[in-house]
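Novice: I have a structure I would like to understand better, so I am pasting it below and will then ask my questions one at a time.
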Amino acid sequence: MENQQIARTILTAVGPENITEAYNCMTRLRLRVKAVTVTKEELKKIAGVKGVIMNEGEIHIVLGPGKAENVAKECKALLAAWGKNQPATNALATDLAKSRIGSEPSESVSAKRPSILTEEQLRKKHTMMLAKDHPGKMRNNQSDKTDNAA
């Protein structure tokens, strides 16, 4: 399955109106969501998805090196187009909404645009996530840098 199709399928499953941020690390597409409304099993059925990790307000979809970045780019493009509320892009919003909930998107939903992070914001967020997930490792790395500087 090509990257755009994977992105479209993931957005359909999660619901574009539910996504507040889309970004990636080396192997995962990371989606910050208002509410987790999809199951791991639903996402694992999508071709190319190797695993799913769900935390409160976040969904991490394991795609592999390189693939995560490419699918994230497609997700951001689709979400940006969906959020612009232009006639050409309203067709995408309608398609995604119909396949997700079986009805037209509401005005309040189609007017919202998910945030897209800058590279610097992504680096900070990634560092914070690493520190949260691996606090001992981050402290050791910082002390190694301090020791080397002395």
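The values are calculated or read from the model by the stated rules, or taken from the named source; none is laboratory data. Since the structure is predicted, the reported quantities are computational estimates derived from the model, not experimental observations. Cβ coordinates were reconstructed from backbone atoms using ideal geometry, including for glycine residues, and neighbour counts include every protein chain displayed.
Novice: Select, from Leu43, Leu31, Leu92, the only residue that is of a type in the set (A, V, I, L, M), more than 21 Å from Lys124 (Cβ to Cβ) and at pLDDT 90 or above.
Specialist: Unique residue meeting the criteria: Leu43.
Novice: Would you confirm whether any residue within region 64-76 is closer than 25 Å to Lys124 by Cβ, modelled with pLDDT under 95, among the basic types (Lys, Arg) and not in a helix (DSSP H, G or I)?
Specialist: no
Novice: Any residue in region 33-51 that is basic (Lys, Arg) sitting within a Cβ distance under 6 Å of a residue that is part of a helix (DSSP H, G or I)? List the pairs, counting only those 6 or more apart or interchain.
Specialist: Hits for this filter: Lys34/Asn18.
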